[in-house]
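Take a look at the structure below.
The values are calculated or read from the model by the stated rules, or taken from the named source; none is laboratory data. This is a predicted model, so every value here is computed, not measured. Counting neighbours? That spans all protein chains shown, and the Cβs are built from the backbone with ideal geometry, glycine included.
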Amino acid sequence: MDNRDILLDDLDARAQINGAIMRYARGVDRCDREMILSAFHSDGWDDHGVFSGPAEAFADWVIPLHRGFVSTAHYVTNVHIEVSGATARSEAYVIATLRYEQDGELYDLLGCGRYLDCFERRDGKWLIAHRLAMSDWSRVDRVDAQYTGELTKVLKKGTQDVDDPSVAHFQGVQPERRRA
C-alpha cells in the first residue's frame with residue numbers, strides 16, 4: 001500500500017466507526033432495534049452495567065426501558081479513535097437526557113458518560129465487537145416549567161418510533177411546505 005491508500009483506509013475506518021457510534025445513539029432514541037444492531041457485529045457484546053450480554057439481547061432490553069420515558073436524547077460529543085490493522089478502539093463521550101413522569105411531575109435524568117468500544121473490521125465493515133458503557137456523573141432535575149411560546153407550539157414533535165419525522169426524512173419523503 002502506498003501512503004495515499006493507507007490514508008484512505010484510515011479515513012474509511014474512522015468514518016465507519018463514527019457512523020456506527022451515531023447509528024447506535026439514534027437507534028436507541030428512536031427505539032429502532034435494527035438500527036441499534038447495525039452498529040454491532042452479529043456476535044457483538046454490550047456491557048451497560050445493569051445489562052451485560054449479546055447486542056441482540058441488549059436491544060431487546062433497552063427498547064422497552066426507553067419507551068418508559070417521555071422522551072430520550074443521546075448526544076455523542078468527543079470521539080477518540082485509534083486504529084490498528086483490523087481492530088480499533090474508541091472512546092466516545094455521551095450526554096443522555098431521559099425525561100420521565102412521576103406522580104404527575106416531569107423530571108429529567110441527565111447523565112454523562114463514555115462508550116469504550118472495541119471495533120473489528122470484518123468483510124470490510126467496521127462494527128462494534130464489544131462495548132463498555134461508563135458513567136461519569138448523573139443528576140435528576142425536576143422540570144419546574146416548560147417553554148410554551150409560539151415556537152414550540154408549531155414545531156414538529158419527535159417520537160420514539162417510526163412515526164418520528166426523521167424516518168420519513170431519510171426515506172426521501174419531502175415535508176409538506178407550509179406558510180408560517
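Looking at this structure, is VAL62 modelled with pLDDT of 95 or more, farther than 16 Å from PHE51 by Cβ, surrounded by 11 or more Cβ atoms within 10 Å (Cβ to Cβ) and aliphatic (A, V, I, L, M)? Even if it seems obvious, please write down each step before you answer.
Values: modelled with pLDDT of 95 or more: yes; farther than 16 Å from PHE51 by Cβ: no; surrounded by 11 or more Cβ atoms within 10 Å (Cβ to Cβ): yes; aliphatic (A, V, I, L, M): yes.
Criteria not met by VAL62.
In the stretch 80-87, the count of residues that are closer than 23 Å to ASP32 by Cα and aliphatic (A, V, I, L, M) is zero.
Does the stretch 137-152 contain at least one residue that is within 19 Å of GLY27 (Cα to Cα) and of a type in the set (A, V, I, L, M, F, W, C)?
Within the stretch 137-152, the subset within 19 Å of GLY27 (Cα to Cα) is none.
Looking through the stretch 137-152, none of the residues is within 19 Å of GLY27 (Cα to Cα) and of a type in the set (A, V, I, L, M, F, W, C).
Of everything listed in (1) assigned to a strand (DSSP E or B); (2) hydrophobic (A, V, I, L, M, F, W, C); (3) farther than 17 Å from ALA25 by Cα, the single unmet condition for VAL50 is (1). Here ILE21 meets each of (1) farther than 23 Å from ARG122 by Cα; (2) surrounded by 14 or more Cβ atoms within 10 Å (Cβ to Cβ) with one exception, condition (1).
For the stretch 57-77, the count of residues that are more than 14 Å from ALA129 (Cβ to Cβ), of a type in the set (Ser, Thr, Tyr) and free of Cβ contacts under 8 Å to residues at least 12 places away in the same chain is zero.
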